[in-house]
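K.L.:
Once you've had a glance at the structure underneath, I'll fire off some questions.
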Amino acid sequence: MEELSFPPLMRGEPTTGDAIRHACLRAAEGCDAGLVCYRLAADELQGALVFAPEVPLAQAMAMLPLCGVGFQNALGALAPPEIAVHLDWNGGIRINGASCGRFRAVASHPEPQAVPDWLVIGFSLPLIPSTDRPGDTPDQTWLYVEGCADVSSPILVEAWARHCLNWIDRWEDRGNRPLHDDWQALAHGLGEQTEQSGRRGVFVGIDTDFGMLLRDGDSTHLIPLTDLLETAP
C-alpha cells in the first residue's frame, strides 16, 4: 500500500480495514497523537486522525468541525474552482449541495466534562457510485461524479493532514473564534428546518463550543457536539 508524506508531528499508517476503527484501536494501545490512518480504495477514501486532548471532551469536540474545515480547505485547493464544498453540523460532507460522505468522532469515554485519553476524528468519502442507478438518490453524490476525477486520493489525505495541523495551531493560539467563523461560512442548512437528536426546529447557528442551536417557536434548544460521539470499537 502506498506510503504517504505527512508534516512534522504527524505520521501515516495505511490500513486495509476501516480507518476510524484502526485509529481507535491504535489510540487505545497508546499510540502518540498525530497518527493519520488511511484507506485508499478504488471506490472510497477514508482518513482518521488521533488526538490526545488536554481539555475536557466538550471542548475537545471542536476537533470535529476543525477536521471538516481542514477537509474543505484541502479539497477546495485541489478540485476545480466551480466545485462547492460545504459541511453539515452532524459531520456530513456536501459537494455541490449533495451528500458525499461524512466525518465521525469517537472518544475513549463519553463524559463531556472529563478529559478523554484519546479522541479520533475520521471521514469516509465515496469516490464512485456503488450502483448503476445513481439517479435514484439525487441527494447523494460521489467525488468523481462531481468533476473531481483528477483529485488524487493520496494527495487529498496529505493535504487534509496539513490543513488540519495548520488549524490546530490556530486553535491553540486563538481559541474557537477563527474556526467558528470559518465553519459557519461553510455550514449547510443554516436558516432551514432540520431534525437532530430527536428535536426539530430551524438551525439558527452554533454556540461558542459549536453546539447546534435549534429554534422551535419561542424556544431555542442547544444540542452539544458530544451528542455525535460514537461508541469506541
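K.L.:
When the accessible area of the chain is split by element with a 1.4 Å probe, what percent falls to carbon and sulfur? Write out the running numbers ahead of the final one.
P.N.:
Values: 4990 of 10850 Å².
Here it works out to 46 percent.
K.L.:
Here is a follow-up. Helix-derived [θ] at 222 nm for the chain: sum -39500 (n - 2.57) over DSSP H runs of at least 4, divide by residue count, nearest 500? Before the final figure, lay out each step's value.
P.N.:
On the way: 5 runs with 63 residues, N = 233.
The helix contribution divided over the chain gives -8500 deg cm²/dmol.
K.L.:
Something else about it: Give me, ordered by chain and number, the residues 5 or more places off Val115 or on other chains with an amide H under 5 Å from its own placed amide H.
P.N.:
Leu57
K.L.:
Quick check on region 2-144: of the DSSP beta bridges with both residues there, what percent are antiparallel, nearest 5%? Don't jump to the answer; show the numbers that get you there.
P.N.:
On the way: 25 of 30 bridges.
In region 2-144, approximately 85 percent of DSSP beta bridges are antiparallel ones.
K.L.:
Taking Rh as the Kirkwood radius, which is the inverse of the mean 1/r over Cα pairs, what is the Rg/Rh value for region 10-51? Provide the component values of the computation, followed by the final result.
P.N.:
Details: Rg = 9.7 Å, Rh = 10.0 Å.
Looking at region 10-51, the ratio lands at 0.96.
K.L.:
Run the Debye formula on the Cα coordinates of region 88-138, all scatterers equal and no solvent, and tell me log10 I(q)/I(0) at q = 0.18, 0.28 1/Å.
P.N.:
Computed log10 I(q)/I(0) values: -0.70, -1.11.
K.L.:
Would you mind getting the Kirkwood hydrodynamic radius of region 73-171 from its Cα pairs, rounded to one decimal in Å? Show your work: numbers first, answer last.
P.N.:
Values: mean 1/r = 0.0661 Å⁻¹.
This gives a value of 15.1 Å.
K.L.:
Mind listing the long-range amide H neighbours of Ala232? Cut-off is under 5 Å, sequence gap 5 or more, other chains count too, H placed in the peptide plane at 1.01 Å from N.
P.N.:
The answer is Ala107.
K.L.:
Calculate the length of the line joining the C-alpha centroid of region 163-202 to that of region 1-53, in whole Å.
P.N.:
24 Å
K.L.:
State whether the chain is rounded, prolate or oblate according to the following rule on the C-alpha gyration tensor (a ≥ b ≥ c being the square roots of its eigenvalues): a/c under 1.5 gives rounded; otherwise a/b larger than b/c gives prolate, and the remaining case gives oblate. List each step's numbers first, then the result.
P.N.:
Values: a/c = 1.56, a/b = 1.07, b/c = 1.46.
Oblate shape, in that a/c is at least 1.5 and b/c is the bigger or equal ratio.
K.L.:
Determine the relative contact order of region 30-77: mean sequence separation of Cα pairs under 8 Å and six or more apart, normalised by residue count, in whole percent. Could the numbers behind the result be given before it?
P.N.:
On the way: 27 pairs, mean separation 12.1, N = 48.
Once divided by the residue count of region 30-77, the mean separation gives 25 percent.
K.L.:
Moving on to the next point. At 1.4 Å probe size, with every protein chain present, just tell me what the per residue accessible area of region 94-233 comes to in Å². Show your work: numbers first, answer last.
P.N.:
Working: 7190 Å² over 140 residues.
Here the residues of region 94-233 average 51 Å² of exposed surface.
K.L.:
Provide Rg over Rh for region 127-230; use the alpha carbon set for both Rg and the Kirkwood Rh (inverse mean inverse pair distance). Intermediate values should be presented prior to the final figure.
P.N.:
On the way: Rg = 17.6 Å, Rh = 16.8 Å.
Dividing the radius of gyration by the Kirkwood radius yields 1.05.
K.L.:
With +1 on the Cβ of every Lys and Arg and -1 on the Cβ of every Asp and Glu, and nothing else charged, how large is the dipole of the chain about its Cα centre, in debye rounded to the nearest 20? Could the numbers behind the result be given before it?
P.N.:
Values: 15 positive and 32 negative charges, 17 e Å.
In debye, rounded to 20, the chain gives about 80.
K.L.:
Another one. Under the classification rounded if a/c is under 1.5, otherwise prolate if a/b is larger than b/c and oblate if not, where does region 4-136 fall, given a ≥ b ≥ c as square roots of the Cα gyration tensor eigenvalues?
P.N.:
Details: a/c = 1.83, a/b = 1.56, b/c = 1.17.
Taking the square roots of the gyration eigenvalues as a ≥ b ≥ c, region 4-136 is prolate.
The values are calculated or read from the model by the stated rules, or taken from the named source; none is laboratory data. Note that the coordinates shown come from a computational prediction; the quantities given were computed from them, not determined experimentally. Positions of Cβ are generated from backbone atoms using ideal geometry, with glycine treated the same way; all protein chains shown enter the neighbour counts. Surface areas here come from the heavy atoms of the whole protein model, side chains and all, with no ligands, DNA or RNA. Shrake-Rupley method; radii C 1.70, N 1.55, O 1.52, S 1.80 Å.
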